[in-house]
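Undergrad: So that we are looking at the same thing, I have put the structure below in structure tokens.
Each reported figure results from applying straightforward, stated rules to the coordinates on display, with no laboratory input. Quick caveat: nothing in here was measured; it's all calculated off a predicted structure. No Cβ is skipped: glycine too gets one built from the backbone with ideal geometry, and neighbour counts run over all protein chains shown.
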Amino acid sequence: MSDELERLEREATDKLESISTEDELATWYRTYLGRQGEVTSAMKGISQRPAEERPAFGQAVNALRNALQEAFDARQDNILAASLRKRLNDEAIDVTLPGRLPQAGNLHPVTKMIRDITRVFGLMGFQTVEGPEVEDAYYAFDALNIPQDHPARDVWDTIFIESDQREIVLRPHTSPMQIRTMEQVDPPVRVVVPGRCYRYEALDATHEWHFHQIEGLAVDTNITMTDLKGTLAEFARQIFGQERKVRFRCDYFPFVEPGVDFAIDCMFCEGSGCRVCSKTGWIELLGAGMVHPNVLRHVGYDPDEYTGWAFGMGIERIVMLKYGIEDIRHFYQGDVRFLSQFNRVLA
């Protein structure tokens, strides 16, 4: 080997032994074995040698390249092994430390309340059914005895979906399933209908543009207001406690006649009057009434033979009243702190 190649080998070997990082190793490789490296340059210089020296010089260059490649591979293995040992030491886990419990999920409070309410009515013989959230205006209004000029059909309350064929809305209540159910089955009918509803409303502590309702419907021969009162009283006592008192007052809804609002005595002040019940001692829960004869006629039921009653309640309102929640917007802000705290109460 020529003096030039011996010098190159000593220089490369000395520098390789002093390297301790992967970045330095990569730089060394580019300097000596890369496309523009020293050994490559020596290979290109073979053609400039006298003809009789070329074979021996070429063999010497190849031998140098092989030797440096073997030295590089060995040094790379040592550096990678040292790097791995350092990472293992730095990232070591003390398995004797106590573990971290995973966060357990739970039902959303509104979902939990829907299940509780449908369970209560299920024990009283009601079947749970669900319906579409995008609804034909016929089912949302016309068949429910809500005429075209009724304020509830105004765009400020109902969210309309454009359609060239017919009037389509995001359902403002779950009452359309009254009609859909009665169209499909003959009396007797006992159903509750949970679902999400939509209205064009300004957001505040008690109003959301989307919310949940549960609709109830019972139709049969000899159904009376007494049956409605007894059913709702039992529901209220199952959800809010057996000591609850109930009150019915006249109210108006276009799809029932007569209509009533249903209230319970305030569970926070026991009826003596407080901020929650606005000093009245009573908390309104829902609207209800006897199914209007026109609604029965729309589905082909004879109002002279069959009678029925219906009710509708807002689920978020029930949850807020039962657990003292002051702002409906908490339910849909996705704040895990609020939901986790609330789920522990429900557990």
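Undergrad: Compute the distance in nm between two label points, each set 7 Å from the Cα along the Cα-to-Cβ direction, one at Arg100 and one at Asp304.
TA: About 7.4 nm, to one decimal.
Undergrad: I would also like to ask the following. Nothing charged except the Cβ atoms of Lys and Arg (+1) and of Asp and Glu (-1): what's the magnitude of the dipole of the chain about its Cα centre? Round to the nearest 20 debye.
TA: Dipole size: approximately 920 debye.
Undergrad: Here is a further query. Going toward the positive end of the dipole of region 194-347, with +1 on Lys and Arg Cβ and -1 on Asp and Glu Cβ, which of Ile325, Phe311, Gly281 do you reach last?
TA: Ile325
Undergrad: Can you give me the Cα centroid spacing of region 94-117 and region 235-288 in angstrom?
TA: 33
Undergrad: If I model a spin label at Arg85 and Gln36 as a point 7 Å from the Cα along the Cα→Cβ vector, what separation in nanometres do I get?
TA: Output for this residue pair reads 3.6 nm.
Undergrad: Follow-up. Might you report the magnitude of the Cβ-based charge dipole of region 3-90 about its Cα centre, with Lys and Arg at +1 and Asp and Glu at -1, to the nearest 20 debye?
TA: Dipole size: approximately 280 debye.
Undergrad: A follow-up question, please. Can you list, by residue number, the Cys in the chain that have no neighbouring cysteine C-beta under 4.7 Å?
TA: Among the cysteines of the chain, those whose Cβ sits 4.7 Å or more from every other are Cys197, Cys250.
Undergrad: With axes computed from alpha carbons, what is the tilt in degrees of helix 22-32 against the longest principal axis of the chain, rounded to the nearest 10 within 0 to 90?
TA: 40
Undergrad: Another question, if that's okay. Could you tell me how many degrees, from 0 to 90 and to the nearest 10, lie between the Cα long axis of helix 225-240 and the main elongation axis, the longest principal axis, of the Cα atoms of the chain?
TA: 40
Undergrad: At a Förster distance of 51 Å, what's the computed FRET efficiency of Ser340 paired with Ile46, Cβ-Cβ distance as r, to 0.05?
TA: The calculated FRET efficiency here is 0.10.
Undergrad: Along the Cα-to-Cβ line of Glu243, 7 Å from the Cα, sits a label point; which residues in region 266-295 have backbone N less than 14 Å from it?
TA: Of the residues in region 266-295, 266-272 have backbone N under 14 Å from the label point off Glu243.
Undergrad: So how do Thr96, Thr40, Thr224 line up by other beta-carbon neighbours within 10 Å, fewest first?
TA: Listed from fewest to most nearby Cβ atoms, that is Thr96, Thr224, Thr40.
Undergrad: Could you check the spin-label model distance between Arg297 and Asp227? Points 7 Å from the Cα along Cα→Cβ, value in nm.
TA: Distance between the two pseudo-spin positions: 2.2 nm.
Undergrad: How big is D, in µm² s⁻¹, for the chain by Stokes-Einstein at 4 °C and 1.567 mPa s if Rh is the Kirkwood radius over C-alpha pairs?
TA: 48
Undergrad: Let me ask something else. Have a look at Leu80, Ala42, Leu68 and report the one farthest towards the positive end of the charge dipole of region 3-90, computed about the Cα centre with Cβ charges (Lys/Arg +1, Asp/Glu -1).
TA: Going by the Cα projections, it comes out as Leu80.
Undergrad: Now a separate question. Suppose R0 equals 35 Å. What FRET efficiency, 1/(1 + (r/R0)^6) with r the Cβ-Cβ distance, do Ile159 and Lys279 give to the nearest 0.05?
TA: It comes to 0.50.
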